[in-house]
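Chemist: Pasting a structure here, questions to come.
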Amino acid sequence: MSGEWNLPWEGACRCGQVRIRVSAPPLLTMACHCRGCQRMSASAFSLSAAIPGEGFAVTQGDPVIGGLHGIHRHFFCPHCMSWMFTRPHGVEFVNLRATMLDDASWCVPFIETCTEERLPWATTPAMHSFGKFPPMTDYAGLVAQYAEKGSRPAP
Ligand SMILES: [Zn+2]
Ligand SMILES: [Zn+2]
């Protein structure tokens, strides 16, 4: 039932020059505790929502590549340099940094990854924790469970 997600969602970077729209429900929400996410998000962990590629659009501005400039493309606002989303290599989804959404209050991480690297005090209410990343074979089950039980925006 996509209706309960109250789509579409709008979002923007810190300065507002880049705007995005989400028109498909997330597959999963995640907190990542890896050192790379700690540095790039200037925080204890990154919070992201995996959005199917066809349900994600940049509606204003022209984000640029930043981060590691590697095969996983990290996109930033060219003006305020907010890390906005990542297009991971070889997959059909976009990892949107959930706090770009105009309303991110509903976004509770469903899984957390790289807990081996987490700051000792940094805990989340995620239902599933992984020391590194879930094995590829786990993702279908996690996505199905998230579709059932994942947190939703308030109606
Ligand atoms: Zn900006
Ligand atoms: Zn990470």
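Please treat every number below as a calculation from the coordinates, not as lab data. Only a predicted model underlies this, so the values are computations on that prediction, with no experimental measurement involved. Positions of Cβ are backbone-derived with ideal geometry, glycine not excepted, and every protein chain shown enters the neighbour counts.
Chemist: Taking the dipole about the Cα centre of the chain, with the C-beta of Lys and Arg at +1 and of Asp and Glu at -1, give me whichever of A24, P155, T59 is farthest to the positive side.
Modeler: Positive-most Cα among the choices belongs to T59.
Chemist: Return the distance in nm (one decimal) between the two label points of a simple spin-label model at M81 and A154, each offset 7 Å from Cα along Cα→Cβ.
Modeler: Reported label-point gap for M81 and A154 is 3.5 nm.
Chemist: Using only the alpha carbon atoms of region 1-88, find the Kirkwood hydrodynamic radius as the inverse mean reciprocal pair distance, in angstroms to one decimal. The partial results should precede the final answer.
Modeler: Working: mean 1/r = 0.0728 Å⁻¹.
For region 1-88, inverting the mean 1/r across all distinct Cα pairs yields 13.7 Å.
Chemist: Around K132, with a cut-off of 14 angstrom between Cβ atoms, what is the net charge of the other residues, counting Lys and Arg +1 and Asp and Glu -1? Could you put the intermediate results ahead of the total?
Modeler: Values: positive: R35, R118; negative: E112, E116, E117, D138.
Its environment carries a net charge of -2.
Chemist: Between T137 and A24, what is the spin-label point distance in nm, taking each point 7 Å from the Cα along the Cα→C-beta axis?
Modeler: It works out to 2.7 nm between the two label points.
Chemist: Contour minus end-to-end for E10 and H72, with contour as 0.36 nm per residue of separation and end-to-end as the Cα-Cα distance? Intermediate values should be presented prior to the final figure.
Modeler: Numbers: separation 62, 0.36 × 62 = 22.32 nm, distance 2.37 nm.
Taking 0.36 nm per residue and subtracting the Cα distance, the gain is 20.0 nm.
Chemist: While we're here: Taking the mean number of other Cβ atoms within 10 Å as a proxy for protection, how do you rank 45-57, 122-134 from highest to lowest?
Modeler: Working: 45-57: 20.1, 122-134: 15.1.
Highest mean packing first, the order is 45-57, 122-134.
Chemist: So what are the ³J(HN,Hα) numbers for region 73-79, from phi and the Karplus equation (6.51, -1.76, 1.60; θ = phi - 60°), rounded to whole Hz, Gly and Pro as x?
Modeler: 8, 8, 10, 10, 5, x, 9
Chemist: Taking Cα centroids, how far is region 114-152 from region 81-95 in Å?
Modeler: The two parts, judged by their Cα centres, are 18 Å apart.
Chemist: Moving on to the next point. With each label point set 7 Å from Cα along the Cα-Cβ vector, what nm distance links Q17 and S105?
Modeler: About 3.0 nm, to one decimal.
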